[in-house]
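These notes concern the structure reproduced below.
The values are calculated or read from the model by the stated rules, or taken from the named source; none is laboratory data. Everything quoted here is computed from the prediction, not taken from an experiment. Positions of Cβ are backbone-derived with ideal geometry, glycine not excepted, and every protein chain shown enters the neighbour counts. Note: areas computed on protein heavy atoms with side chains; ligands, DNA, RNA excluded. Shrake-Rupley method; radii C 1.70, N 1.55, O 1.52, S 1.80 Å.
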Amino acid sequence: MKAIITGITGQDGSHLADLLLEKNYEVVGVARRCSVDTTQRIKHLSSNNKFKLIEGDISDVSSVINIFKNNDDVDEIYNLAAQSHVATSFKQPALTWDITGKGCMNLLQAMVDLDMDAKFYQASSSEMFGSSYDVNEHGEKYQNEETKLMPNSPYAIAKCAAHHAVRIYRDAYGIHASSGILFNHEGPRRGETFVTQKIVKWIVDFKKWLIESDHDTFPIDTTEDHIVIHKSSFPKLRLGNLKAFRDWGYAGDYVEAMWLMVQQQTPDDYVVCTGTTHTIQDFIDIAFQYAGISEFKKTIVIDPEFYRPCEVDYLRGDCSKAKDKLGWEPKYNLERLVKLMIDAKL
Ligand code: NAP
Ligand code: GDD
């Protein structure tokens, strides 16, 4: 079996490549040209002769066509490439649209034009729900495949367009195209500007600074922006809205769901999540406690710079369909995920 993965240098691309190579696939990873090396997450694959890295950009249709023409024997195409940062999408909406929205259309249309019969996976997102949710018989809020999409960011608008494109190309052209509506998933390979890894990185750097400062008790001297020991200081953790709820799972679990969707006889859309939700404050509490840092209130600054023009307040998925039809289950709860991330960074 041969697969193309776009977004190979990202968190999910690297996990999916590991999974497919374990299954003995030939994997072609598409990475865009960059002035610095972006392949840290896939360095361990460089000597694997079943893995090939090629240059390409999904926002450029001729690039997509070249990739497909050079790999016309491909069985599965996974589109994980995106400008995936929600806050950045407010600052660079057109770029986000070109990559995250139009990029998916470029891939689907190229599949039609080249008459390809490969199976297609699209990385859809719980961010598409925005402020929308349903309420179950116990009065609990949730989102599943039937929940209305009400995007609250340029990123989510682009993801909704791509999500609908998958449905239309499936119906109109008979493409085996599926969308995974994945809720937030994290892990040691998560980018450092997403809130979980930002918190974990700060904790680990702070612990190292405490050790270097030869200080085993918590320093109570603080300025507005810094924690101070003698003449040495360490910047406080600067965050935005701590009240939003997220349904966080482990990225390694979620790529298995992607693969399972593509193996189904009939293409479809599936929610992938844990079914539990926590606030950013909860994540901080669990992470600080695990790292043995007390008095954390003195170490965090709420900075308006990290607030978004529009927020997604509540995400909690219901993945009954994925459980029933794919036989998929998440293996990590939040406590286990936090430990995994902190231990890996340490
Ligand atoms: P990520 O770490 O930000 O990775 C995104 C990847 O897309 C990177 O490899 C990036 O390359 C690549 N890319 C960006 N623009 C591109 C372009 N024009 N052409 C080709 N490649 C391009 O994201 P992730 O967390 O792995 O997420 C994977 C996918 O799932 C994304 O589509 C994301 O929107 C979606 N998703 C993620 C989550 C989550 O919680 N992680 C949840 C739902 C959906 P560079 O290395 O060059 O930047
Ligand atoms: N990034 C970030 N940085 N977020 C912060 C911060 C901060 O300093 N402080 C508070 N937050 C809040 C955000 O306002 C948001 O409510 C929450 O933390 C999570 O932010 P992110 O980790 O950036 O993730 P996201 O939920 O916006 O988006 C991620 O999940 C989506 C799926 O729901 C990304 O991976 C998207 O690509 C993905 O589609």
Residue satisfying condition, being on the phi > 0 side of the Ramachandran plot and away from ligand 2 (no atom under 16 Å from the Cβ), within set ASN49, ASN24: ASN24
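Listed here are the residues, each with its yes/no results for (1) over 18 Å from GLY56 (Cα atoms); (2) within 14 Å of ligand 1 (Cβ to nearest atom); (3) modelled with pLDDT under 95.
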site	(1), (2), (3)
ILE99	no, yes, no
LEU107	no, yes, no
ASP115	yes, no, no
SER124	yes, yes, no
PHE129	yes, yes, no
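Can you go through LYS91, LYS69, LYS119, LYS52 and tell me which one is under 30 Å from GLU305 (Cβ atoms) and either open to solvent by 60 Å² or more (accessible area, probe 1.4 Å) or in contact with a strand residue (DSSP E or B) (Cβ under 8 Å, 6 or more places away or on another chain) (or both)? Working first, answer last.
Values: LYS69 fails: under 30 Å from GLU305 (Cβ atoms); LYS119 fails: under 30 Å from GLU305 (Cβ atoms); LYS52 fails: under 30 Å from GLU305 (Cβ atoms).
Going through LYS91, LYS69, LYS119, LYS52 in turn, just one is under 30 Å from GLU305 (Cβ atoms) and either open to solvent by 60 Å² or more (accessible area, probe 1.4 Å) or in contact with a strand residue (DSSP E or B) (Cβ under 8 Å, 6 or more places away or on another chain) (or both): LYS91.
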Scope segment 54-74; condition of a type outside the set (Ser, Thr, Tyr) and in a loop (DSSP other than H, G, I, E, B); matching residues: GLY56, ASP57, ILE58, ASP60, ASN71, ASP72, ASP73, VAL74
Subset tally (residues that are under 20 Å from VAL271 (Cα atoms), open to solvent by 10 Å² or more (accessible area, probe 1.4 Å) and among the hydroxyl-bearing types (Ser, Thr, Tyr)) for segment 170-198: 0
Qualifying residue in segment 130-140 (condition: open to solvent by less than 10 Å² (accessible area, probe 1.4 Å) and either among the acidic types (Asp, Glu) or in a strand (DSSP E or B) (or both)): no
Residue list for segment 1-47, filter: more than 21 Å from the chain's Cα centre (by Cα), surrounded by 14 or more Cβ atoms within 10 Å (Cβ to Cβ) and part of a loop (DSSP other than H, G, I, E, B): TYR25
Which numbered condition ARG170 misses (of (1) more than 16 Å from the chain's Cα centre (by Cα); (2) near ligand 1 (Cβ under 10 Å from one of its atoms)): (2)
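Got at least one residue in segment 131-138 being over 18 Å from the mean Cα position of the chain (by Cα) and β-branched (Val, Ile, Thr)? So that I can check it myself, show each step before the final result.
Within segment 131-138, the subset over 18 Å from the mean Cα position of the chain (by Cα) is 131-138.
Those left that are additionally β-branched (Val, Ile, Thr): 135.
Yes - at least one qualifying residue is present in segment 131-138.
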So THR96, is it closer than 26 Å to GLU186 by Cα, open to solvent by less than 10 Å² (accessible area, probe 1.4 Å) and either assigned to a helix (DSSP H, G or I) or polar (S, T, N, Q) (or both): yes
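For segment 146-169, give me each residue that is open to solvent by 40 Å² or more (accessible area, probe 1.4 Å) and away from ligand 2 (no atom under 15 Å from the Cβ). First the steps, then the outcome.
Of the residues in segment 146-169, the ones open to solvent by 40 Å² or more (accessible area, probe 1.4 Å) are 146, 148-151, 157, 164, 167-168.
Listed by number, the residues that qualify are GLU146, LYS148, HIS164, ARG167, ILE168.
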Residue check for ASP18: away from ligand 2 (no atom under 16 Å from the Cβ) and under 24 Å from GLY187 (Cβ atoms): yes
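What residue, of ASP253, ASP285, is at pLDDT 95 or above and within 20 Å of the chain's Cα centre (by Cα)?
Numbers: ASP285 fails: within 20 Å of the chain's Cα centre (by Cα).
Testing whether each residue is at pLDDT 95 or above and within 20 Å of the chain's Cα centre (by Cα) leaves just ASP253.
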